[in-house]
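Structure first, then comments.
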Amino acid sequence: MFVGSIKSDIGQQSALVEITPQEIDLLNRHFSIKTMCDAKLGCDEEARQVLQASLTDPPLQHALLSLRALREDLETFGNGQQTLSYDYGLQQYTAALGGLASNLSYPGSVGLKSALLCCQIFISIEQVRKNHAAMAQHIVRGLSIMHEYRARPGLVTVNKLVPAHHDELPLLDVFIIKMFAAPCKFAEPPTTAEACGTLPLRQPVESRDLRTIAPDMRTELTRISSLTLEFLDRVSQVETEEIALQLLSERAALLYSLESWPISLELIQTEQQPPSSEPISVSFLRLFHLILKIVLLGALDFSPDIDAELGLRMTAFNS
């Protein structure tokens, strides 16, 4: 009884704490290193949700402390040798991972919400650390949780729509799409692009010529991502099988657009003379393309065939 009253008091107190616009803006900036080049993410709502939840979520508190320390270290010292603030950031990251693992031992709506919000921060942390393999693992794990625990309504058969299993799970896929869709200055001089984490420190001259294709290919991918966000919003609100079937047709059109994108990219690269190595900016566009495909495949359709294909795509994503 005493423990229950404490939890109730904590919940009431957190509801009274006001998250300031300055705190929201700062976390919005810390979500991506692209903001170091003045990119706008448009993740204010995601930042507010994380900050509010962190008031009563210790793993999330540790994750936020880690991201803040690592980001401030990057902005102050660049990519030089490790500092005390960097080490502190790693310590907090380890604490966040441990606390989250403990919470997920008994997954319920609270633990799942914590996991998805922590995933957002972990993705941002690994981007700051330039550990793209770990970043991909967090993305895959988070999207898997969303699909497995049905964060949105979906069709289990052609004529049977089921509601979202957990009504208020954070929509991690929306956050990831916004993060990747935020503009990057691919055509800027190498020093600026390197500061934004879009290019390696040393790169052959020929591949810098190739990076001029990135804005053109990115325009189409950004267009598809905008339509995907609109589609996901409608899926979240679907209430009838009839509307769900209409949305399946819309999803098929978006997947068809995605199928043509790598073909166009390959054609452009084939025309490059002489052939050159692919810059990391283009590699990230390929990654963004795969994320959109995984998100769309996992939306609305919960059939066994889709589950099997999703598994294959996520395995490819991790490799």
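Laboratory data are not the source of any read-out in this text; all were calculated from the coordinates shown. Keep in mind it's a predicted model, so treat the numbers as computed, not measured. Cβ sites come from the backbone with ideal geometry, for glycine too, and all protein chains shown count toward neighbours.
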What number comes out for the charge environment of residue 141, summing +1 per Lys or Arg and -1 per Asp or Glu over other residues with Cβ under 13 Å away? -3
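Rank by packing, highest mean first: peptides 152-164, 114-126, 62-74, with packing defined as the count of other Cβ atoms within 10 Å averaged across residues. List each step's numbers first, then the result.
On the way: 152-164: 15.5, 114-126: 25.2, 62-74: 22.5.
Sorting 152-164, 114-126, 62-74 by mean packing, highest first, produces 114-126, 62-74, 152-164.
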Cα to Cα, under 21 Å, and not fewer than 8 places away if on the same chain: which lysines meet these conditions relative to residue 178? 34, 40, 113, 130, 293
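Per residue, how big is the convex hull around the C-alpha atoms of the range 19-130? Give it to me in cubic angstrom, could you?
Values: hull volume 10.5 nm³, N = 112.
With only Cα atoms used, the range 19-130 gives 94 Å³ per residue.
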Sorted by average packing, counted as other Cβ atoms within 10 angstrom per residue and highest first, what order do 40-53, 168-181, 100-113 take? 168-181, 40-53, 100-113
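How much net charge surrounds residue 159 when only the other residues with a Cβ under 11 Å from the Cβ of residue 159 are counted, with Lys and Arg +1 and Asp and Glu -1? Please list the in-between numbers first.
Working: positive: 160; negative: 241, 242.
Net local charge, residue 159 excluded: -1.
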What ³J(HN,Hα) values, in whole Hz, does the Karplus curve 6.51 cos²θ - 1.76 cosθ + 1.60 give for the range 234-251 when θ = phi - 60°, with x put for Gly and Pro? 5, 4, 4, 9, 5, 10, 10, 4, 4, 5, 4, 5, 5, 5, 4, 5, 5, 5
Point-to-point label distance, residue 131-residue 157, nm (Cα→Cβ direction, 7 Å offset): 4.6
What is the extension gain from residue 144 to residue 266, computed as 0.36 nm multiplied by their sequence separation minus the C-alpha to C-alpha distance, in nm to one decimal? 41.0 nm
Of 31, 56, 127, which is farthest along the charge dipole of the range 19-130 in the positive direction, counting Lys and Arg as +1 and Asp and Glu as -1 at C-beta? 127
